[in-house]
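The structure under discussion appears below in the form of structure tokens.
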Amino acid sequence: MVESNPPRRRLNVHQALGGGSVADVILWKKWYGGVVVLMSTSTLWFLFERAGYNLVSFVANVLFLLVVILFFWAKSASLLNRPLPPIPDLEISDESVVKAADAMQIWINSALSIAHDIALGQNLKLFLKVAVGLWVISYIGSLINFLTLVYIGVILSLSVPVVYDKFQDHIDEKLCVIHRILQTQYRKIDDNILKKIPFPSNKQKKIQ
């Protein structure tokens, strides 16, 4: 009797994205939030890329308009005995600062560890991965500017997770095939090229 493979566990995309309001917007569970994000980013991209508006002047004008509106609102409210503008107390908690600092520490330490291994020439595979990644980023940066890249990232974040959530099984199947092909090609390169490159051992480095 042939045993069938156990069914593959389906990834909960909503939980993988954090399971909060951001995940609801990205997966269009709160469609109005997705519409606001899409329209806002599209408007900003059009203003800065097509209309030639300057980012600094745009931010200054928006803040100026906001300050003027709040000032006259507060003055008119005090004269007409109306409620003041509903402005919450804006402050960053110590817990949020600690979490952000811990997350940045992990990323920075990881980057420094990679740089250390590359600088000492101890990991050729890691060096090639980083070099190829930086080359790809440089090539993409030569084609489009940073603002357009951010806009494309927003569009992809509002489309790719939704498509993956709906067609997860088919996409996982195709990705597994691609992953096996890439692993096979990488093993060939590793066996024929990378493993034939001599590296000084740790004992030789200490002697030197």
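Please sort 163-171, 96-104 by packing, taking for each peptide the average over its residues of neighbouring beta carbons within 10 angstrom, highest first.
Most protected by this proxy first, the peptides run 163-171, 96-104.
How would you classify the stretch 59-148 from its alpha-carbon gyration tensor, with a ≥ b ≥ c the square roots of the eigenvalues: rounded for a/c under 1.5, else prolate if a/b is greater than b/c, otherwise oblate?
Since a/c reaches 1.5 but b/c is at least a/b, the shape of the stretch 59-148 is classed as oblate.
Only the coordinates and a few stated rules stand behind these numbers; no lab work does. The structure displayed is predicted, hence computed values, not measured ones. A quick note on method: Cβ atoms are made from the backbone with ideal geometry, for glycine too, and the neighbour counts reach across all protein chains shown.
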